[in-house]
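I have placed the structure first, in the form of structure tokens, so that the comments after it can refer back to it.
The values are calculated or read from the model by the stated rules, or taken from the named source; none is laboratory data. Nothing here was measured: the structure is a model prediction, and the numbers come from that model. Heads up, the Cβs are rebuilt from the backbone with ideal geometry, glycines too, and the neighbour counts pull from every protein chain shown.
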Amino acid sequence: MKHNIILTKTSKTTKGTVQLTGSKSECNRALIIEALSNGKVKVENISDAADAQTLSEVLSRKSEVLSQKANDSGLETQDLKLVDIGPAGTAMRFLTAYFTLQDEEVILTGSARMKQRPIGVLVDALRELGAQIDYVENEGFPPIKLKGSLAQQSNKVSIKGNISSQYITALLLIAARLPLGLELHIEGDLTSRPYVEMTLAMLQTAGIQHKWVDNVISIEPQEFKPTSIYIEPDWSAASYWYAIAALSDEAELFLPGLTQYSLQGDSVITEIMANFGITSQFKDGGVYLQKEVKPVFRKIFDMKECPDLAQTVIVVCAALGHEATFTGLETLKIKETDRIKALQNELAKIGVKLVEKGQVYKLDCSEKQIPDRIFVNTYDDHRMAMAFAPLALVVPEVEIEDADVVEKSYPAFWKDLEKAGFEVEVKV
């Protein structure tokens with residue numbers, strides 16, 4: 001049963017230590033690498049995020065569901081295995097590629113929203129390589145039926161770089177296991193480049209070499225080497241604490257385990273939030289955040305390489321009445337929800353408009369007003385809940401719909417807010 005949470009924070013000072021869960025992005029990649037390595041690679045500090053737990057269960061076969069449950073779902077499956085990953089988008093993309101190499105037939109499905117999220121670009125690329133994949137309901141969308149035991153016909157495939165880096169990562173993760181390897185041509189600009197770099201760096205840790213020349217990434221067939229991959233805490237989760245610091249009058253926070261030279265593209269939050277007076281000092285095995293009051297001058301934020309930070313930064317700017325312009329938001333419309341529309345709806349509750357002009361988005365804060373309370377709809381999107389939670393430092397009472405949605409990436413979020421001095425009331 002869904003329940004809401006009411007947030008208040010009387011003190012505008014925020015201090016404390018916050019131990020973040022392992023990175024969902026790193027963990028999902030590492031779990032696929034572990035599964036493909038036949039036991040040579042071990043993953044340490046597996047994330048508590050629901051998405052990572054779902055993927056871990058599927059790969060360890062604990063969630064293997066045979067034809068009875070499959071038939072209960074109304075899908076024509078005969079004796080196929082049904083793998084239901086719920087709302088876990090990364091798991092859907094990565095498992096689509098993974099199951100093409102497994103010696104079994106599978107139907108891969110998910111939540112109602114997952115069935116609206118496109119998978120066609122990845123399916124087309126895998127079919128070019130020789131995979132047998134069919135759509136069960138709607139062309140271009142899950143659920144999909146995968147035959148497995150891919151008989152590779154070619155090692156060359158092209159994929160557009162501006163749709164989702166997860167399609168590219170899914171292909172790169174299986175490349176070394178393909179009989180002919182992979183020559184991946186990226187068409188046009190590459191969105192979320194740091195995520196692709198993260199994938200290649202983690203593969204390299206596991207012994208998989210690559211060549212990246214211009215827009216072509218090549219990986220030869222090769223063996224994984226015995227190693228362990230340690231999952232760093234999640235910089236995406238850290239971004240909400242940067243937002244809290246930015247909206248506090250005073251803030252001193254310590255986030256253990258985060259490193260200055262991270263594989264995670266969202267570590268760029270340190271540079272973005274420096275514009276809002278947040279200093280980041282790396283020492284004692286983590287990062288210290290401190291708020292210094294300063295005017296905000298930066299007007300344009302390009303989120304192309306860190307789209308998961310967009311909601312966080314946009315809400316901070318709106319709360320401060322800072323009329324910034326944002327670019328690189330193209331992928332936000334195909335996430336857990338249409339995040340552009342969701343932001344426009346919720347920001348309107350404090351009188352702020354997010355105006356779309358082509359691929360440029362501008363905040364109009366001319367009619368901004370701070371009500372006594374607001375109700376935030378979350379649209380089944382964990383990042384909507386967490387991006388709007390810091391508004392409790394500005395709005396006396398913030399009610400967040402469907403509080404459990406945060407389990408997707410940061411299950412301890414509400415408890416951590418309590419420890420940091422927020423009053424968190426569960427509304428039954």
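Counting only residues that are closer than 18 Å to V316 by Cα and in a strand (DSSP E or B), the range 372-428 holds 8 of them.
Table: residues versus (1) touching a Lys or Arg at 6+ places or on another chain (Cβ under 7 Å); (2) assigned to a helix (DSSP H, G or I).
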| residue | (1), (2) |
| --- | --- |
| S25 | no, yes |
| N28 | no, yes |
| E34 | yes, yes |
| V43 | no, no |
| D48 | no, no |
| D51 | yes, yes |
| L55 | no, yes |
| V58 | no, yes |
| R61 | no, no |
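Among residues that are modelled with pLDDT of 50 or more and surrounded by fewer than 22 Cβ atoms within 10 Å (Cβ to Cβ), L80 is included. If only residues of the range 286-334 that are touching a Ser or Thr at 6+ places or on another chain (Cβ under 9 Å) and of a type in the set (K, R) are counted, the one that is modelled with the lowest pLDDT is K304.
In the range 115-140, the qualifying residues are those that are part of a loop (DSSP other than H, G, I, E, B) and surrounded by 18 or more Cβ atoms within 10 Å (Cβ to Cβ), and the one that is farthest from the chain's Cα centre (by Cα) is A131.
One residue stands out in the range 196-216 among those that are of a type in the set (V, I, T) and within 23 Å of the chain's Cα centre (by Cα): the one that is nearest to K160 (Cα to Cα), namely V196.
Could you please find all residues in the range 157-180 being more than 24 Å from the chain's Cα centre (by Cα), of a type in the set (A, V, I, L, M) and in a loop (DSSP other than H, G, I, E, B)? Scanning the range 157-180 gives A176, L178, L180. The set of residues from the range 339-364 being surrounded by fewer than 17 Cβ atoms within 10 Å (Cβ to Cβ) and either touching a residue at least 24 places away in the same chain (Cβ under 8 Å) or of a type in the set (V, I, T) (or both) comprises N345, V355, Q359, V360, K362, D364. The condition of being more than 22 Å from K24 (Cα to Cα) and among the basic types (K, R) holds for only one of K299, K304, K335, that being K299. Looking only at residues of the range 81-128 that are basic (K, R) and in contact with a helix residue (DSSP H, G or I) (Cβ under 7 Å, 6 or more places away or on another chain), we find that the one that is nearest to L150 (Cα to Cα) is R93.
Each row is one residue, and each column tells you yes or no for (1) within 23 Å of M386 (Cα to Cα); (2) touching a helix residue (DSSP H, G or I) at 6+ places or on another chain (Cβ under 7 Å); (3) surrounded by fewer than 15 Cβ atoms within 10 Å (Cβ to Cβ).
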site: A35; (1), (2), (3): no, yes, no
site: K40; (1), (2), (3): no, no, no
site: I46; (1), (2), (3): yes, yes, no
site: A50; (1), (2), (3): yes, yes, no
site: T54; (1), (2), (3): yes, yes, no
site: E57; (1), (2), (3): no, no, no
site: S60; (1), (2), (3): no, no, yes
